Amino acid sequence: MSTDQTTDRRVWLGNLATGLAGISLAKLTSQCAETKAYGKTDFLPRAKRVLQIFCPGGASHIDLWDYKPELERRDGQYLPEGAFLSFMGKNGPLMKSPWKFRQRGESGSWVSELLPHVGSHIDDMAFIHSMTSKSNTHGPGCQFMNTGFTADGFPANGAWTSYALGSENNNLPSYIAITDVRGEPPSGAANWGSGFLPAEHQGISLNADRPIRNLASPAGISPKAEQAARQFLNLLNQQHRKNNPGNSQLQARIAAYQLAARMQLSAPEAGNLAQETRATHNMYGTLDSNRFKAAYARNCLLARRFLERGVRFVTVYCASRASGVDGLMNWDAHKKLKADYERHCPIFDQPTAALLTDLKRSGLLSETLVLWTSEFGRMPTRQEGTAGRDHNPDGFTTWMMGAGVKGGVHYGATDPLGRRSVENIATVYDFYATVLNLLGLDFQQLGYYHNGIERRLTDVHGHVIRELLS
């Protein structure tokens, strides 16, 4: 046997012995020339991870968070023709909220009686009452709130965070999207895609009732046979990587498959809600007779378990796609606002409040930035011939709480009827400039060169809303 053949054989055996377990995701990704080094912040971060709670369908700010006494006084009045732009139909008269608002906490912040549990956290929340969107349509609106663009093909907020900071746990995804048991939100996977970023940064979609798919080995494959196949695959991957050092898509695909292999052991444990106490399940409402509330509660509990295990970005969806225009499956209350929200709010309220309480008592909240978002708000008028509200992208509410956030703050305002943002008008770009700042990232420096353009989550806009920072 020649010296070269002996050397090749020794290299092959050495690589084979290394096995899959010896390859870390961090080492893999550091070889990809087009990605920045993970964990390199621009300044001291206030938050290590992000929890986003998204209510698709355009949750009504003036029925949840933005109290409007003037709307109560003028209930039933018609405005001059053309005063308000309608999106889905003609405007009827002004319609006050069917629910009372009351002041909560030491801050005395107003919140709807629909949210008795979430309202108990009001002093920890920093509200943006002057948010605006570029779209009045659900799919593009959801994408805009999650990616900064209304079109397909752009990375989501969690993908950018994963790209910038990597994962705290190499055995779990850095970005997870927990979908509602009723279905995916408008535009589906475009809300958690990696766009032009390496594929390893896309969100993994799952929920408590539908674990990560394709983790189990096929029937008839023994552990020994599977391990041998992995070792051989690892050898081929190493050779591919050596022969194609500049191919980021190949690097990302290899990393994704290797992460999937490691997840076979770690993900089932993370998703095992049976490890939680009965008291915890009762606090969240996982055994509630309302099956949608119980399912959302399990998703909230699952989110906490992923966060405490080092998942960098977790989005929990409360509701799904629109079902016609009746608000049955999401917050899109065009026809029957009262019936729709008295169905949705009990699903949302207790589990969400329990998640916030759990994060706070465990100490996770001091390192976790919590975001509440929806794609737009609702009109202060009723739609003609209905008891519901139309879309309103010109003024609505979002909020933050947790790491680095000043609680009890109210930034910006809509007009006295809640129609348009008129004070400290905020954009999605400002929102994510602030989020990135709390993660220790300069939003103007976090970019990725694609098709001749240096792309950013905030596009070419944005400023940090420092009034929200503690």
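Every number here is computed from the coordinates shown, using simple stated rules; none is lab data. Since the structure is predicted, the reported quantities are computational estimates derived from the model, not experimental observations. FYI the Cβ positions are ideal-geometry reconstructions off the backbone, even for glycines, and counts take in every protein chain you see.
For Phe196 and Glu106, compute 0.36 nm times the residue count separating them, minus their Cα-Cα distance, and round to one decimal in nm.
Contour length minus Cα-Cα distance gives 27.9 nm.
Based on DSSP, what percent of beta bridges with both residues in the stretch 324-470 are antiparallel, to the nearest 5?
On the way: 12 of 13 bridges.
Antiparallel bridges make up about 90 percent of those DSSP assigns within the stretch 324-470.
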Given R₀ = 30 Å, FRET efficiency for Gln444-Glu423 by Cβ-Cβ distance, to 0.05?
0.75
Pairwise over distinct Cα atoms, reciprocal of the mean inverse distance: report the Kirkwood radius of the stretch 89-195 in Å, one decimal place.
17.2
Relative to the present Cα-Cα distance, how much length would full extension add between Thr357 and Val460 at 0.36 nm per residue of separation?
33.4 nm
How high is the FRET efficiency from Glu342 to Ala225, r the C-beta distance, R0 35 Å, rounded to 0.05?
0.05
Which FRET efficiency value, to the nearest 0.05, do you get for Leu236 and Asn290 by plugging their Cβ-Cβ distance into 1/(1 + (r/R0)^6) with R0 = 51 Å?
0.50
For Gln52, other-chain or 5+-apart residues with amide H closer than 5 Å (H placed, Pro excluded) are Val314, Thr315, Val316, Leu371
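Contour minus end-to-end for Ala413 and Asn169, with contour as 0.36 nm per residue of separation and end-to-end as the Cα-Cα distance? Don't skip to the end; give the middle numbers.
Working: separation 244, 0.36 × 244 = 87.84 nm, distance 3.99 nm.
In short, 83.9 nm is gained.
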